Amino acid sequence: MQNFEIAWAFRELADLLEFKGEDFFKIRAYRRAAKVIAGLNEPVELLYRQGELNKVPGIGKNILAKIAEMINTGRMRKLDELRAEIPPGVLEIMDLPGIGPKRASLLYEHLKVAGLDDLEKMAREARVRAVPGLGAKTEQDIIRNIEMLRRRSGRVLLGIAREIARDLVEFCKDLPGVKRIEPTGSVRRWRETVGDIDLLAMTDDPERLFSSFLGHPRVKETLAREEDRVKVFTWWGVTVELLAAPPEEYWPALLWSTGSREHYRQLQSLARRKGLELTRYGLQREDGKFLLVQAEEDIYRHLGLPFIPPELRENRGEIEFCLKEGRVPRLVQLSHIKGDLHIHTDWSDGVNSLEQIVACARKKGYQYIAVTDHSRSLKIARGLSLEQLDEQRRFIEKINEKYDDIRILSGIEVDILPSGGLDCPAQILKRLDVVIASVHTKFNLDRRAMTERILSAVKDEHVNIIGHLTGRLLGQREAYPVDVEKILAAAGEYGKFMEINSSPDRLDLNEEHARLAKEYGLKMVISTDAHDLRRMDEMPYGVAVARRAWLQPEDVLNTLELAELIKMLKTKNK
DNA sequence: GCCGTTTTCGGCCCGACTGTTTTCAGTCG
């Protein structure tokens with residue numbers, strides 16, 4: 001049982017109890033447990049077997065018993081009971097913005113809505129406005145939000161797709177006859193969302209592999225089964241396709257199934273011009289003979305190309321570039337990253353103590369990290385008062401005395417107030433090493449007002465970095481309207497850095513904006529915005545955005561050595 | 001539900017916004 005599965009169960013439990021109108025604090029306890037579990041950087045199952053689980057904050061006697069039940073039986077009785085009791089479809093209605101437990105039960109009570117389709121139909125028939133407490137405006141919102149939900153449906157976040165892919169690879173890799181297995185498709189290309197998860201296995205005995213694979217406990221339904229592939233629908237709600245190839249066909253198959261389709265078509269036409277035929281089975285000469293291929297590199301070489309990393313394979317000029325330059329664009333990679341400049345601690349809404357975070361950062365070999373808790377007005381995130389901020393700064397100074405292999409920078413993620421300006425006086429910001437300015441409230445300003453609001457932070461002499469520029473939450477919340485180009489232009493003028501937020505549900509800047517920012521000559525900062533230790537591991541997602549935007553190490557601030565970094569942060573005020 | 005300068009039960013994060021009201025409930029960040 002994976003951590004994220006246990007976390008999902010508690011989240012669902014909380015949602016169901018919320019619908020029932022259960023005690024708020026009990027629900028919050030379950031939500032907190034879900035959050036804590038999702039944030040653990042060790043398997044829950046391991047901690048449980050070691051008897052360490054009850055030491056995790058937020059996990060008491062009752063929740064521990066439920067986790068034990070899940071580990072031992074694979075189920076949670078209480079959750080099963082609630083699922084049976086509460087009409088299915090209610091939870092998906094509660095997913096809609098503006099619909100919480102109260103309105104969901106109101107809708108159920110009066111209209112007996114059984115799900116999103118049902119609700120949409122009733123809204124379009126103008127029957128929702130007849131429900132006491134709801135009006136025409138809410139009805140329109142419901143229709144609009146369902147349409148938004150539809151647009152994103154069927155795709156899952158890369159972060160989740162990679163977790164699932166890892167689970168399946170682990171399951172398959174030691175099965176008899178399996179010589180190799182890896183994710184391909186958009187997972188391998190690190191696209192921000194993924195439709196189906198594709199896996200490719202190297203084996204001479206696909207039948208045997210498929211039989212075992214179909215016995216995986218999370219496989220719900222077999223959608224297709226052919227000689228060299230199976231397609232299944234999983235309990236995770238994602239479709240997975242497992243392709244099998246014998247060793248001599250593996251690399252062509254890997255290239256083919258990694259895609260993208262457009263990139264692959266370009267390769268095929270390049271091959272044709274060289275008198276070759278490129279298919280998923282190999283690279284064939286006109287005389288019918290197959291060229292020797294023992295890696296993807298070999299295929300690219302036969303086509304007169306260097307190895308093109310999967311992140312670049314989108315037919316955005318990568319093939320032309322490689323042909324012209326005779327080399328691949330130099331890309332930033334995880335090992336270039338020297339530190340993380342956006343981390344929250346338990347002083348605000350983070351889970352872990354500063355000491356735990358420092359230990360984790362040292363283990364990663366970082367030269368520096370910045371502690372950037374929320375500012376005072378963000379009450380829900382327990383934003384630090386000015387006194388606490390100062391106390392934290394002095395605390396960090398003390399910790400810095402303890403270590404000579406890492407430097408803790410004191411910082412803040414300061415709110416950009418709705419009318420512009422920052423949620424912290426200038427003389428306080430002046431003392432800090434790193435100032436990130438972000439929007440967390442009042443997302444419904446119009447484009448002009450929001451742009452002006454953020455510009456006010458760009459122009460502020462104490463700000464170093466603009467955090468998660470568009471505020472989008474993938475699959476949950478659209479980006480607020482903002483003139484990105486105008487901000488980027490101003491950021492260049494005022495010497496600011498733009499954050500690439502690595503959190504898989506943000507990825508903000510996204511790859512288009514990051515590419516644009518590079519055109520504006522800006523440097524970016526790849527940060528995790530971690531609220532717990534596990535999420536400090538999410539740096540690769542931000543790096544992937546940067547790579548897909550063709551960023552080089554010198555485009556990224558936190559590839560710099562500490563001394564250089566500090567110099568750059570100090571010379572911010574042009 | 002969990003937690004505790006705590007041992008048995010009370011406290012647990014808050015304030016703004018919105019649409020529906022006509023004084024406020026529900027939702028959200």
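The values are calculated or read from the model by the stated rules, or taken from the named source; none is laboratory data. Every value quoted in this text rests on a predicted model; they were computed, and no experiment measured them. Using ideal geometry, Cβ is built from the backbone for each residue, glycine included, and neighbour counts are taken over all protein chains shown. Protein only, heavy atoms only, side chains kept; ligands, DNA and RNA dropped before computing areas. Shrake-Rupley method; radii C 1.70, N 1.55, O 1.52, S 1.80 Å.
What the table shows:
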{"read-out": "Lone unmet requirement of (1) within 12 Å of DNA strand B (Cβ to nearest atom); (2) surrounded by 19 or more Cβ atoms within 10 Å (Cβ to Cβ); (3) among the aliphatic types (A, V, I, L, M) for A:LEU106", "value": "(2)"}
{"read-out": "Set A:SER438, A:SER410, A:SER419: member being within 12 Å of DNA strand B (Cβ to nearest atom) and either modelled with pLDDT of 90 or more or outside the structural domain of A:ALA563 (by TED's automatic domain parsing) (or both)", "value": "A:SER438"}
{"read-out": "Leading residue by the ranking (farthest from A:TRP550 (Cα to Cα)) among those in region A:169-187 that are surrounded by 21 or more Cβ atoms within 10 Å (Cβ to Cβ) and within 23 Å of the chain's Cα centre (by Cα)", "value": "A:PRO183"}
{"read-out": "Pick from region A:303-352, criterion of a type in the set (Ser, Thr, Tyr) and in a loop (DSSP other than H, G, I, E, B), ranking: farthest from A:LYS274 (Cα to Cα)", "value": "A:SER348"}
{"read-out": "Complete set of residues in region A:85-96 that are among the hydrophobic types (A, V, I, L, M, F, W, C), more than 12 Å from DNA strand B (Cβ to nearest atom) and over 26 Å from the mean Cα position of the chain (by Cα)", "value": "A:ILE86"}
{"read-out": "Test: residue in region A:66-84 that is within 30 Å of A:GLU139 (Cβ to Cβ), near DNA strand B (Cβ under 9 Å from one of its atoms) and not in a loop (DSSP other than H, G, I, E, B)", "value": "no"}
{"read-out": "Meets criteria (open to solvent by less than 10 Å² (accessible area, probe 1.4 Å), assigned by TED's automatic domain parsing to the domain that holds A:TYR368 and without any contact (Cβ under 8 Å) to a residue 60 or more places away in the chain) for A:ARG472", "value": "no"}
{"read-out": "Sole residue being open to solvent by 10 Å² or more (accessible area, probe 1.4 Å) and modelled with pLDDT of 95 or more, chosen from A:GLU499, A:GLU512", "value": "A:GLU512"}
{"read-out": "Single match in A:ILE319, A:ILE299 (criterion: in contact (Cβ under 8 Å) with a residue 12 or more places away in the chain, under 30 Å from A:LEU157 (Cα atoms) and not basic (Lys, Arg))", "value": "A:ILE319"}
{"read-out": "Selection count, region A:419-469, where residues are open to solvent by 10 Å² or more (accessible area, probe 1.4 Å), part of a loop (DSSP other than H, G, I, E, B) and closer than 17 Å to A:ASP483 by Cα", "value": "8"}
{"read-out": "Checking A:VAL240 against (1) without any contact (Cβ under 8 Å) to a residue 24 or more places away in the chain; (2) crowded, with 17+ Cβ neighbours inside 10 Å, the condition it does not meet", "value": "(1)"}
{"read-out": "Per-region count, region A:227-286, residues closer than 25 Å to A:GLY195 by Cα and part of a strand (DSSP E or B)", "value": "14"}
{"read-out": "Residue count for region A:353-406, restricted to those that are in a loop (DSSP other than H, G, I, E, B), within 16 Å of DNA strand B (Cβ to nearest atom) and touching a strand residue (DSSP E or B) at 6+ places or on another chain (Cβ under 8 Å)", "value": "5"}
{"read-out": "Flag for A:ILE99 being outside any helix (DSSP H, G or I), within 11 Å of DNA strand B (Cβ to nearest atom), buried (at least 17 other Cβ atoms within 10 Å of the Cβ) and not assigned by TED's automatic domain parsing to the domain that holds A:ASP167", "value": "yes"}
